[in-house]
1. Just to be sure I understand, how many residues within the stretch A:102-124 are part of a helix (DSSP H, G or I), more than 18 Å from the chain's Cα centre (by Cα) and either at the interface with chain B (Cβ under 8 Å from one of its Cβ atoms) or surrounded by fewer than 24 Cβ atoms within 10 Å (Cβ to Cβ) (or both)?
2. Can you find even one residue in the stretch B:9-21 that is closer than 19 Å to residue A:272 by Cα, crowded, with 19+ Cβ neighbours inside 10 Å and facing chain A (nearest Cβ under 10 Å)?
3. Go over the candidates A:206, A:228, A:175, A:201 one by one and state the one that is at the interface with another protein chain (Cβ under 8 Å from one of its Cβ atoms) and farther than 19 Å from residue A:83 by Cβ.
4. Output the residues belonging to the stretch A:227-249 that are buried (at least 24 other Cβ atoms within 10 Å of the Cβ), outside any loop (DSSP other than H, G, I, E, B) and touching a helix residue (DSSP H, G or I) at 6+ places or on another chain (Cβ under 6 Å).
5. Which one is farthest from the other protein chains (Cβ to nearest Cβ) among residues in the stretch B:102-114 that are touching a helix residue (DSSP H, G or I) at 6+ places or on another chain (Cβ under 8 Å) and over 28 Å from residue A:259 (Cβ atoms)?
6. Check whether at least one residue in the stretch A:264-271 is touching a residue at least 40 places away in the same chain (Cβ under 8 Å), surrounded by fewer than 23 Cβ atoms within 10 Å (Cβ to Cβ) and under 17 Å from the mean Cα position of the chain (by Cα), and report yes or no.
7. Give the stretch A:188-226 a look and list any residue that's free of Cβ contacts under 8 Å to residues at least 40 places away in the same chain, surrounded by 21 or more Cβ atoms within 10 Å (Cβ to Cβ) and in contact with a strand residue (DSSP E or B) (Cβ under 6 Å, 6 or more places away or on another chain), or say none.
8. If you go through the stretch A:149-169 one residue at a time, do you hit one that is modelled with pLDDT of 85 or more, crowded, with 17+ Cβ neighbours inside 10 Å and either under 30 Å from residue A:298 (Cβ atoms) or away from every other protein chain (no Cβ under 13 Å) (or both)?
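The values are calculated or read from the model by the stated rules, or taken from the named source; none is laboratory data. Remember, it's a predicted structure, so these values are computed and weren't measured experimentally. Every residue, glycine as well, gets a Cβ built from its backbone with ideal geometry; the counts of neighbours run over all protein chains shown.
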């Protein structure tokens with residue numbers, strides 16, 4: 001009974017916070033109260049918000065970057081240039097922190113991640129350069145549209161079923177890529193072989209470019225591409241996606257070298273996200289992942305809408 | 001099959017173990033360096049109020065307004081020994097965390113005479129190295 005009550009309360013809190021957020025999105029023209037508050041309030045608030053982003057990102061199955069950029073870009077006074085640079089760092093950090101554990105469990109495949117990371121690294125550098133050249137309004141409109149597209153992707157895509165008879169394509173056989181893990185829920189051994197590596201390389205070029213351009217990380221697109229196109233099981237797709245991100249920090253370096261990184265913004269964001277994600281992993285089993293996922297989708301929808309409105313204003 | 005898998009997993013485990021240690025160390029140092037930075041433990045290159053007054057500006061306008069020195073790659077002499085310097089050092093170390101793991105994995109592939117993966121890992125290292133050096 002207390003558990004049901006707690007779940008009901010949790011649902012009510014989520015509903016009320018969404019209502020409040022919707023109100024704030026529609027009612028206020030400028031939520032970034034630049035200059036009205038003392039400066040240290042913002043890094044402190046950033047630490048708290050990033051903690052909660054990290055907390056819900058893990059159960060919702062999305063990377064930190066895709067939540068960070070629209071939320072912080074829409075509701076904080078920082079310019080989008082700094083938000084995107086920090087977004088890439090936040091995505092990189094969450095991937096770096098989670099990769100060792102995923103590798104230990106066998107959920108991430110190094111042989112698959114290495115060629116894809118190479119493609120993502122190169123294209124994300126090009127994306128980062130283009131992103132820094134974009135005028136602010138164009139960047140806001142494109143980011144808003146992209147975020148709304150991601151919301152649609154999250155709503156529509158269902159995990160694909162594995163075909164145990166597949167043997168992989170010639171590229172996969174040449175690179176000797178295959179995976180194996182023991183599923184902790186079913187207790188069964190899962191053997192898998194990816195497919196369509198050549199086609200996937202092209203898709204990852206586009207993913208890397210968009211990730212570098214908007215500072216979103218790439219987990220939101222890596223996982224569907226690995227699962228739907230390459231037929232990698234969902235858990236291995238999520239793990240390998242993190243591994244790819246951990247190896248492709250080159251776009252973050254472009255932002256760093258251009259000066260689009262302020263320690264006052266980057267460090268609280270990274271530390272908050274890391275703390276939140278480490279707690280999120282621990283309470284993963286106790287949360288209603290479905291509700292959290294819907295909450296995150298609604299949050300992304302509002303943040304994307306706000307970003308689009310800012311660009312069109 | 002399992003023996004083959006075990007040999008293959010060793011590269012992954014090596015990558016994961018090295019990464020785990022490097023990332024934890026970087027995050028710890030980052031937290032300490034940030035406290036030193038905001039606490040004024042080291043001289044500040046730019047007043048924190050000045051940073052906050054200008055962080056709503058685009059990158060180019062921010063540079064113009066604050067005359068902040070731009071340090072490219074690991075050439076951090078421009079920023080001198082300051083609060084920003086130690087924070088940036090930690091952020092850059094975090095960005096480079098996968099480099100050491102990739103080098104070790106590359107050596108492992110080389111020992112196994114797995115030439116395709118040696119080439120792929122070297123290409124990854126080259127791209128990362130060029131990005132870190134500020135060549136892009």
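1. So the first thing to find is which residues in the stretch A:102-124 are part of a helix (DSSP H, G or I), and the list is A:102-105, A:110-124.
Add one more test, that the residue is more than 18 Å from the chain's Cα centre (by Cα), and what stays is A:103-105, A:110-112, A:114-115, A:118-119, A:122.
Retained after the next criterion (residues that are either at the interface with chain B (Cβ under 8 Å from one of its Cβ atoms) or surrounded by fewer than 24 Cβ atoms within 10 Å (Cβ to Cβ) (or both)): A:103-105, A:110-111, A:114-115, A:118-119, A:122.
Total meeting the criteria: 10.
2. Looking through the stretch B:9-21, at least one residue is closer than 19 Å to residue A:272 by Cα, crowded, with 19+ Cβ neighbours inside 10 Å and facing chain A (nearest Cβ under 10 Å).
3. A:175
4. As a first pass, look at the stretch A:227-249 and keep what is buried (at least 24 other Cβ atoms within 10 Å of the Cβ): A:230, A:232, A:236-237, A:239-249.
So of that shortlist, the ones also outside any loop (DSSP other than H, G, I, E, B) come out as A:236-237, A:239-247.
Hits for the stretch A:227-249 are A:237, A:239, A:240, A:241, A:242, A:243, A:244, A:245, A:246, A:247.
5. Initial filter on the stretch B:102-114 (touching a helix residue (DSSP H, G or I) at 6+ places or on another chain (Cβ under 8 Å)): B:102-106, B:108-110, B:112.
Subset that is over 28 Å from residue A:259 (Cβ atoms): B:103-106, B:108-110, B:112.
Values: B:103: 12, B:104: 12, B:105: 7, B:106: 10, B:108: 10, B:109: 9, B:110: 14, B:112: 11 Å.
Taking the candidates together, the pick is B:110.
6. yes
7. none
8. So far as the stretch A:149-169 goes, yes, one or more of its residues are modelled with pLDDT of 85 or more, crowded, with 17+ Cβ neighbours inside 10 Å and either under 30 Å from residue A:298 (Cβ atoms) or away from every other protein chain (no Cβ under 13 Å) (or both).
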